[in-house]
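S.K.: Structure below; questions to follow.
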Amino acid sequence: MGRLAVGIAVGVAVATCAVAGVVVGRRLRSRRKWRRVVGVLRELEDSCETPVGRLKQVVDAMAVEMHAGLASEGGSKLKMLLTFVDRLPTGSEIGTYYALDLGGTNFRVLRVQLGGTRSSILSKDVKRQRIPEHLMTSTSEDLFDFITSKLKQFVEQEETVSEAAQSRTRELGFTFSFPVKQISIRSGFLIRWNKGFAIEDMIGCEIVERLQGALMKKGLDMWATVLVNDTVGILALGHYYDADTVAAVKIGTGTNACYMERADAIIKCQGLLTSSGGMVVNMEWGNFWSSHLPRTTYDIDMDLESPNPNDQGFEKMISGMYLGDIVRRVILRMCEESDIFGPVSSKLLTPFVLEMPLMAAMHEDESPDLKEVAAILRETLEIQGVPLKARRLVVKVCDVVTRRAARLAAAGIVGILKKIGRDGTGGITGSRSRSDAKMRRTVVAVEGSLYTSYMMFREYLHEALNEILGEEVAQHVVLRTTEDGSCVGAALLAALHSSSSSSSSSDGLHRRQ
Ligand code: BGC
């Protein structure tokens, strides 16, 4: 009996030890896996770091590249494209004008009625529509057929336009937000596509001719008066409201900036005379590159697998089209390192499945149990039952990626200010010290969903701007959000360059003999 009891006791003890061993082993393994997942985050944090010293290097590099891009054609990855916009709206434009805005996920048609005094927009009618995905890679004929048919529907439905306005040719501004080599205010050739568009037959083609042909085919009596980039439209609207506006930035599906440059600083176009002595330059800053940019393995892989490798490097770190995909790649890596997210789902392997609004929703999920994060992981990435601590990591990943993007965008903006001598340092030569450089009020018009709808992004951008410029200088720099500037601004420029406007300046540009 005694032996039996001892035997049982020993057996129980051995079994308990074995169970404990298994439990401890499992815990150790799961701890190790957790550490690996946390390691992925730490590594990401390190490689995305943007201390102010590094941001200042990016500022300098941006200003230097701007100079190089203005000095010679192909002198920099920054194209610094001429826009032939030499004056900006003042608020006195009058009449009814239209705009067609093509350049991202959405396409817009607009009509505005301008009051003629004190920047008054009497009415504004905008119709937005998502571009059907197949049209982004189809033919130019299909694309222009689609946009002009939407314009036709829009015009046919208008009620508020006076008979007088209806009886004359309607004038429109065409916003086409891709790199375009312009030869005049209403003519330009497509250099290349980006943001998921890839219509081979259009590369190298004149854009307004295509549009005008499609308008004619549809029997529309409309005349494209100006061809502009979206940033140029934003600058035009910014200036319409506030004459201190000198630059414009778009941070949406793609990203870019433009600014008013002195004509004599555009060295690659020597002898260019403009009526104002200046010209808006479309930087195409999405293609900016510098060794100071903090690049991760995720950026490198995404770039290699993109339809435009080695292009738009800055854009791929900043804009809405790409941020979600960087986050997806990090989560995928975490999944591969540990089973804490469960097995790798096919959705998680799908490029661009995690769109920016969903990423922003995860980042800004304020519920205590991160309900929104769980729902997006489940519904969009098909990752079920992720524990709370892992959901927190996902939020952190979104934070790191967004913070880097916003801070780099801020450095880009200061780069422009530096180039035009508005950063308080006396410009690129840095000849004057902060204290004796007199700061003028400087307004930068900003648009795009990242800036307007993603609060964390906007906060990080402002924070970095203050860090780089310093409080004293930053107080003279105003970032002003405009609304629908890409199309309203195009309509304003159409008004400024209208055949019926006495102030039309399309012939005000010429080269010195
Ligand atoms: C295009 C620019 C455009 C920007 C914002 C970029 O991908 O190259 O022309 O201004 O996106 O829409």
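S.K.: Once you put a point 7 Å from the Cα of Ile191 and another 7 Å from the Cα of Glu364, both along the Cβ direction, what distance in nm separates them?
M.R.: The answer from the label model is 3.3 nm.
S.K.: Taking θ = phi - 60°, what integer Hz values does the Karplus form 6.51 cos²θ - 1.76 cosθ + 1.60 yield along the stretch 237-252, in sequence order, with x for Gly and Pro?
M.R.: 5, x, 6, 4, 8, 8, 5, 7, 6, 10, 8, 9, 10, 10, 10, x
S.K.: Taking only protein heavy atoms into account and a 1.4 Å probe, give the accessible area per residue of the chain in Å².
M.R.: Normalised by residue count, the accessible surface of the chain is 43 Å².
S.K.: Which angle from 0 to 90°, rounded to the nearest 10, does the C-alpha axis of helix 320-337 make with the longest principal axis of the chain?
M.R.: 10
S.K.: While we're here: Which of the pairs Lys347/Lys389; Lys79/Lys217; Lys124/Lys418; Lys33/Lys316; Lys79/Lys124 have their Cα atoms more than 26 Å apart in this structure?
M.R.: Lys79/Lys217; Lys124/Lys418; Lys33/Lys316; Lys79/Lys124
S.K.: Also, I was wondering about something else. Kindly express, to the nearest 10 degrees and within the range 0 to 90, the angle between helix 455-469's C-alpha long axis and the longest C-alpha principal axis of the chain.
M.R.: 70
S.K.: Once you compute Rg and the Kirkwood Rh from C-alpha atoms, what is the Rg to Rh ratio for the stretch 149-253?
M.R.: 1.00
S.K.: Could you compute how fast the stretch 363-410 diffuses translationally, taking Rh as the Kirkwood radius over C-alpha pairs and applying Stokes-Einstein at 4 °C with viscosity 1.567 mPa s? Give it in µm² per second.
M.R.: On the way: Rh = 11.4 Å.
Translational D for this selection: 114 µm²/s.
S.K.: Taking the mean number of other Cβ atoms within 10 Å as a proxy for protection, how do you rank 456-463, 56-63 from highest to lowest?
M.R.: Peptide ranking by packing, descending: 56-63, 456-463.
S.K.: Stokes-Einstein D for the chain at 4 °C, 1.567 mPa s, Kirkwood Rh over Cα pairs, in µm²/s?
M.R.: Translational D for this selection: 52 µm²/s.
S.K.: If you count the DSSP beta bridges with both ends in the chain, what percent of them are antiparallel, to the nearest 5?
M.R.: Antiparallel: roughly 65 percent of the beta bridges in the chain.
S.K.: Could you work out what % of the accessible surface of the chain is carbon and sulfur, using a 1.4 angstrom probe and leaving DNA, RNA and ligands out of the count?
M.R.: 52
S.K.: Pairs of Cα atoms under 8 Å, at least six residues apart: use those to get the relative contact order of the stretch 165-228, whole percent.
M.R.: Value for the stretch 165-228: 46 percent.
S.K.: For the modelled label position 7 Å from the Cα of Ile183 along Cα-to-Cβ, which residues of the stretch 199-218 have backbone nitrogen atoms closer than 18 Å?
M.R.: 202-213
S.K.: Under the definition of Cα pairs under 8 Å and six or more residues apart, what whole-number percent is the relative contact order of the stretch 208-303?
M.R.: 19
S.K.: Grab the beta carbon distance between Glu471 and Glu49, set R0 = 25 Å, and tell me the FRET efficiency rounded to 0.05. Can you show the working numbers first?
M.R.: On the way: r = 23 Å, r/R0 = 0.91.
E between Glu471 and Glu49, to the nearest 0.05, is 0.65.
S.K.: I need the peptides 130-139, 102-111, 199-208 ranked by packing, meaning the mean over residues of other C-beta atoms within 10 angstrom, with the highest value on top.
M.R.: So the peptides 130-139, 102-111, 199-208, ranked by packing, come out 102-111, 199-208, 130-139.
The values are calculated or read from the model by the stated rules, or taken from the named source; none is laboratory data. What you are looking at is a predicted structure, and each value in this text was computed from that prediction instead of being measured. When we count neighbours, we look across all protein chains shown, and the Cβ atoms used for this are built from the backbone with ideal geometry, even at glycine. Protein only, heavy atoms only, side chains kept; ligands, DNA and RNA dropped before computing areas. Shrake-Rupley method; radii C 1.70, N 1.55, O 1.52, S 1.80 Å.
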